[in-house]
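Structure first, then comments.
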Amino acid sequence: MSDTDKRLADVRARIDALDVDIQRLISERAKLAFEVAQTKGEQLPAADYYRPEREAQVLRGVLERNQGPLSDSEILRLFREIMSACLARQEPMRVAYLGPEGTFTQQAVYTHFGHSVLAMGQAGIENVFEQVQGGEADFGVVPIENSTQGVVTHTLDLFIDSPLHICGEIELRIHHNLLTHANGLSGIERVYAHQQSLSQCREWLRRNLPGVELLPVSSNAEAARRVRSAPEAAAIASLTAAEIYGIPALFSNIEDQQDNTTRFLVIGRERFSPSGDDKTSFLLTGDEGPGLLHALLAPLATHGLNMSRIESRPAPGRKWSYVFFIDVDGHADEAPLSTAMAEMEKVGGEVRLLGSYPRAVTSRIQAGNEKAS
């Protein structure tokens, strides 16, 4: 045996030994997770002992400890799947999402919960709310805003009358791909995609497919479904959809903005404790009057709180009246936000808490803090 062969044999033996240790430790972790479940009652479903604040704390620790050679996104994905599998040991959580299979919302589900959940595709955002509120799903995932196209107004409107809470957020970098059986651009007569995806790829389409018919459909997965048996057509969709529907990607990353990101919300029936790095969403309404909005928001400035988003939507049943959706840093159960919200209620408007939840762990990676692999 040569020296090279001996070195390779030694390295492989060390890898085999590490694999044994890794498997033993994962099994031990799964037993401890099961022990946590048993302290809360026999045979409880996973959703009854799922705690997003605890999970966020664990994953932040994973990122802080990571020194490579695996990237932050890879190490985060590995630990997410371990946690997902441990949580689903008795029964997987049921998560409703805006379907069908192959959408970016489904990708957001697996990014946040791992692949050991039962992902339940729904025809519309309102159906996701209904599934969670009715108990058919433990949690739901819905899109709320895109970095280039703005807010998803339908999601906001559903919160106005919904008793559900926001339990988490997901930030997903969106990469669009042109899927087609055509051999080249000259063979494409029409392009199917969700309207937002068509808008996010407008310039690329104008440069590369001028004059081609652009047809909006309910989702990019639906676009891929239509194209799988139409060689003269193309779809804008994810690589996951390309794999599911068996369509080659002729061009990848065709979005006009390379930092194109969509934010999703996790909705559920419960509120959760602070995680140490949280955001809070609430709804503001009030009687009309000069300076009302300024007066309602003043306590946030007084207490030095950062407001990251404000959106207005028409108030149901009240002509030319509006409700305001606010995102701020902090948790509603902790000062100074709890103090500020109490002061806001005294102004005369309604302050309705939609949820306090951990800031997306992936936002640290999206912001450009990826470690070199």
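The values are calculated or read from the model by the stated rules, or taken from the named source; none is laboratory data. Keep in mind that what you see is a predicted model, and the values were worked out from it rather than measured. With ideal geometry, Cβ positions are generated from the backbone for all residues, glycine too; neighbour counts draw on all protein chains shown. Only protein heavy atoms, including side chains, enter the accessible area calculation; ligands, DNA and RNA are left aside. Shrake-Rupley method; radii C 1.70, N 1.55, O 1.52, S 1.80 Å.
See the values below:
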read-out	value
Matching residues, segment 231-242, being open to solvent by 10 Å² or more (accessible area, probe 1.4 Å) and over 16 Å from I254 (Cα atoms)	P231, E232
Per-region count, segment 224-248, residues free of Cβ contacts under 8 Å to residues at least 40 places away in the same chain and either among the acidic types (D, E) or part of a helix (DSSP H, G or I) (or both)	2
Test: residue in segment 166-181 that is touching a Cys at 6+ places or on another chain (Cβ under 8 Å) and surrounded by 21 or more Cβ atoms within 10 Å (Cβ to Cβ)	yes
Tabulated pairs, segment 113-125, first at positive phi, second surrounded by fewer than 19 Cβ atoms within 10 Å (Cβ to Cβ) and modelled with pLDDT of 95 or more, C-beta under 8 angstrom, 6+ apart or interchain	G114/E81
Subset of segment 179-212 that is aliphatic (A, V, I, L, M) and part of a loop (DSSP other than H, G, I, E, B) - its residue that is nearest to E255 (Cα to Cα)	L209
Selection from segment 228-263 of residues that are touching a strand residue (DSSP E or B) at 6+ places or on another chain (Cβ under 8 Å), of a type in the set (G, A, S) and closer than 20 Å to Q106 by Cα	A235, A237, S238, A241, A242, A249, S252
Selection within segment 79-102 - within 19 Å of Q196 (Cα to Cα) and either surrounded by fewer than 20 Cβ atoms within 10 Å (Cβ to Cβ) or touching an Asp or Glu at 6+ places or on another chain (Cβ under 9 Å) (or both)	P100, E101, G102
Residue list for segment 350-367, filter: crowded, with 20+ Cβ neighbours inside 10 Å, modelled with pLDDT under 95 and not β-branched (V, I, T)	A360
Residue check for S147: in contact with an Asp or Glu (Cβ under 7 Å, 6 or more places away or on another chain) and open to solvent by 30 Å² or more (accessible area, probe 1.4 Å)	yes
Unique residue being of a type in the set (V, I, T) and not assigned by TED's automatic domain parsing to the domain that holds Y322 when the list is I125, I144, I160, I82	I82
Residue within segment 264-274 that is touching a residue at least 60 places away in the same chain (Cβ under 8 Å), open to solvent by less than 60 Å² (accessible area, probe 1.4 Å), farther than 27 Å from P358 by Cα and part of a loop (DSSP other than H, G, I, E, B) present	no
Residue within segment 136-144 that is outside any strand (DSSP E or B), open to solvent by less than 10 Å² (accessible area, probe 1.4 Å) and closer than 23 Å to Q195 by Cβ present	no
